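Have a look at the structure below, then the notes.
Just so it is clear, none of the values below were taken in a lab; they were calculated from the coordinates. Quantities reported herein were computed from a predicted structural model and do not represent experimental measurements. Note: ideal-geometry Cβ built from the backbone for every residue, glycine included; neighbour counts use all protein chains shown.
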Amino acid sequence: MTEQTEIKKLLNEQAHQIDKDLSENPGAAIEIDQELAEHMGAFEENSISLEEAEDASFDPFDAEKAPEPED
């Protein structure tokens, strides 16, 4: 068995135990190291880029630049 396979097996065992513990004790706080949390999917990257953030901050209807309403 390769080292990566052994690590994955260990992480799966730890994740299963944590799932079992939380099922038996809902609301319990369990400290998990970062590697295990990443393995369990806790840090899925879904942030927007700087360019997307800048585009989203543009307001075409800025009150200072909006034309005066017509009567």
Taking N as the residue count of region 3-56, its alpha carbon Rg divided by 2.2 N^0.38 Å gives 1.61
Final fewest-first order of His39, His16 on the 10 Å Cβ neighbour count is His16, His39
